[in-house]
Structures are given as structure tokens and as C-alpha cells.
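First up is the structure itself, then whatever we jot down about it.
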């Protein structure tokens, strides 16, 4: 186990992965493998390392100045991610977590309470309520996931610290469970420290746009029902003027969140064009496997933590059985 170490690229010899080139504070060094090399860097960095190693779309590699070891057009393609619509509402009463988290003094008292009693907002999950809903009554299965919490975060710019609003409020996030829009990951240079070109391509398809708009309306409908409706003062974001599908989509793209569920950039499949096979082995290279969300050929209809633990368990069996 090495901490503070960045993988730069995979080393090959005679068609087999034999190690890694890694960088740390002391500079770059080589790590040699005695068995398989297993990449578990996630859906953004696994395709990056493969492309830096010469495995990926020829045009992308050549543009970045990387020698092509294996022309594989699907490395870095097929990116899927949940785009979360955001709904924030102000409460009439001073309820929820805002007053306990909106200042340094309140945060200190809340932390002391947690240390003494293991109770309070710090003992709660990120969202107090999570549910699966239908964006329209006639769909055959839930197509949206919603997450509700008694706190609100004001709009903020990238790089700024996140704050909690003082006025009591409630937040609701919602995401289309099975988005059909696909994005891509591409290296921009042979330099491992250079930024990638990440295009999530959020809400590109008509299905994603329509379902997202209907999902926000479903979220609003929840807060229009008793007994929660009596506690709501007004909607603060996106605001009641945002009604049409187009306005909702624009708002979600501008002020929504990613789900941190990126998947599919090194997808498994039966075709020779698919990046990995059903044993998680990278096609065309011996001794190289991928074990992370990038191998998922379709988006999980929910969060990824549980599925990834299950994948790791299964991967361990595959690796042991393959010895």
C-alpha cells in the first residue's frame, strides 16, 4: 500500500501488463507486478490511465501525443451519470438543521452534542429520506430517485466554501434513474498531470429531458400535500416561474448537481469492441483487469456503493479462480 502516489501509466511487455509507472513526492518510479495488474481508479481515472498507456481511441491518443499500443475506440466512451434536479423551500417555523449548522458557534455546539450523546444533525445521514418514485403515473416502474433533508445550501460558485443558510428550509434532490445520455473522457496530453477533457453530456436525450422535468414536478407535488404543505413558506429554488420543460432542464443544468455516480467508460460486454470481458479482463492485453464502476455497461438505478462492494466480492472470486 502506497499513499500519496499517482499512477501514470501501465507497463507492457510482449502483450502483457507487467507493472505500473507511478509518481510520488520523490519522483517517478516503477512498480512491477508478480500477477495481474488491477485498475480500480473509477470511471474518470481508469480510462485516463488506459489512454495514457496507449489503450484507447487512436485519434484521441495521437492528438495527445501518446503512442498507440492498442486501438480501442470504446475506452473513455459511454459515460453515464445522474444529474440531480434541486428543489429548495423555506419553512415557516425554525425547524430542521439550518440553525444548528449555519454558524461556527452553532457548529461547535452541534459537534459537542454529537460527541456527548451521539445525537443531532451529525448523527444523521446526508439525507433523512430517500425514495423511488414514478415521474408519471403510466410508467411501468419507478424512474426517479428523490432525496430529502431538513437543510438548505444557498447557490455558490465553484471553489467557494459551502455554507448552510440560517433561515430554516428543506432541500429535495431528484435524479433520473436510468439516463440514456452518454458522455466521454479524453486525455489532452501525454503528461499525466494534464487535465482531462470530461464531457458528461447531461440531459442530451429527449427521454432524459422529459423525465427530469416530470420528476421536478413530482418533487413539487410532494410538498403540496398535507401535512408538510402547511409548514412551507415558499419555494426559493428554482422558483415558481420555472414551469416549462425547457426552463426546468436549463435550471437543472445550471444549478443542479452530479450524482457522483459516473459509470460505463470501460464497459463490459460480449463484443470484441467492448473494453473488458465477463472476467473483468481488458481485451487484447494479458494480465490486466478493471474493477470499478467504469466496467458497468448500464447505469445502476440507484446509488453505486452497494453494487461496487458486490462487484469487488465477485471480482475476488474471478481472480482467485483464474490463477
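Among (1) in the same structural domain as residue 246 (by TED's automatic domain parsing); (2) on the phi > 0 side of the Ramachandran plot; (3) in contact with a strand residue (DSSP E or B) (Cβ under 6 Å, 6 or more places away or on another chain), there is one condition residue 76 misses while meeting the rest; what is its number?
(1)
What residue, of 164, 129, 198, is under 26 Å from residue 230 (Cβ atoms) and either modelled with pLDDT of 95 or more or in contact with a strand residue (DSSP E or B) (Cβ under 7 Å, 6 or more places away or on another chain) (or both)?
Going through 164, 129, 198 in turn, just one is under 26 Å from residue 230 (Cβ atoms) and either modelled with pLDDT of 95 or more or in contact with a strand residue (DSSP E or B) (Cβ under 7 Å, 6 or more places away or on another chain) (or both): 129.
Has segment 79-94 got at least one residue that is buried (at least 18 other Cβ atoms within 10 Å of the Cβ) and more than 25 Å from residue 162 (Cβ to Cβ)?
Checking segment 79-94: at least one residue is buried (at least 18 other Cβ atoms within 10 Å of the Cβ) and more than 25 Å from residue 162 (Cβ to Cβ).
Please go through segment 154-179 and pick out each residue that is in contact (Cβ under 8 Å) with a residue 40 or more places away in the chain and either under 20 Å from the mean Cα position of the chain (by Cα) or exposed (fewer than 14 other Cβ atoms within 10 Å of the Cβ) (or both).
155, 163, 171, 172, 173, 174, 175, 176, 177, 178, 179
Of the residues that sit in segment 24-43 and are out of contact with any helix residue (DSSP H, G or I) (no Cβ under 8 Å at 6 or more places or on another chain) and touching a residue at least 60 places away in the same chain (Cβ under 8 Å), which one is nearest to residue 321 (Cα to Cα)?
Checking each candidate, the answer is 35.
Residue by residue through segment 105-138, note down the ones that are surrounded by 13 or more Cβ atoms within 10 Å (Cβ to Cβ), without any contact (Cβ under 8 Å) to a residue 40 or more places away in the chain and assigned to a loop (DSSP other than H, G, I, E, B).
120, 124, 128
The values are calculated or read from the model by the stated rules, or taken from the named source; none is laboratory data. The model shown is predicted, which means the values in this text are computed figures rather than measured ones. So basically every Cβ, Gly included, is an ideal-geometry build from the backbone, and we count neighbours across all protein chains shown.
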